[in-house]
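FYI, it's all coordinate maths here, none of it is from the lab. Computed from a predicted structure; not experimentally measured. For neighbour counting, all protein chains shown are included, and Cβ atoms are generated from backbone atoms with ideal geometry for every residue, glycine included.
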Amino acid sequence: MHEHSLMADLMKKIADLAGPSKVISVKVTLGALSHMTPEHFTEHFEESSQGTSAADAKLDITMSDDIHHPNAQDVLLESIEVAA
């Protein structure tokens, strides 16, 4: 369930930023305490993005190792690239 809420929040942020544009790429940082590996995140992203403007977007994933970072439990959206 933790993953579901993280992905729902991320998809909302992406949709708000992209508007009607097609999302080409998404750059995220996985917090050290987010309990997500890049592979696990990719699976959830692909499932959550189906039917959205972010479907088939290229992922750029960084894994943080800082357990003391204020967002260590989160998935942080760093940037998105949209089609012109």
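Round to the nearest 10 and give me the degree value, 0 to 90, for the angle of helix 2-18's Cα axis relative to the longest principal axis of the chain. Around 40 degrees separate the two axes. The string of couplings for the range 59-66 from the Karplus curve (6.51, -1.76, 1.60, θ = phi - 60°) is 9, 10, 10, 10, 9, 7, 10, 8 Hz, one whole number per residue in order, with x for Gly and Pro. Over the Cα atoms of the range 1-47, each weighted equally, I'd like the Debye log10 I(q)/I(0) at q = 0.18, 0.23, 0.29, 0.33 Å⁻¹, rounded to two decimals. Each listed q maps to, in turn, -0.58, -0.91, -1.28, -1.42. Take the Cα of Asp9, step 7 Å toward its Cβ, do the same at Thr42, and the gap between the two points is 2.4 nm. Take every DSSP beta bridge whose two residues both sit in the chain; close to 55 percent of them are antiparallel. Just one of (i) 33, 23, 20; (ii) 38, 23, 19; (iii) 68, 24, 21 is Cα extents along the principal axes in Å as worked out from the coordinates here. Which one is it? Computing Cα extents along the principal axes in Å and matching it to (i) 33, 23, 20; (ii) 38, 23, 19; (iii) 68, 24, 21 gives (ii).
Annotation for the range 39-84: GluC sites (Glu not before Pro) lying in DSSP loop with at most 12 further Cβ atoms inside 10 Å of their Cβ do not exist.
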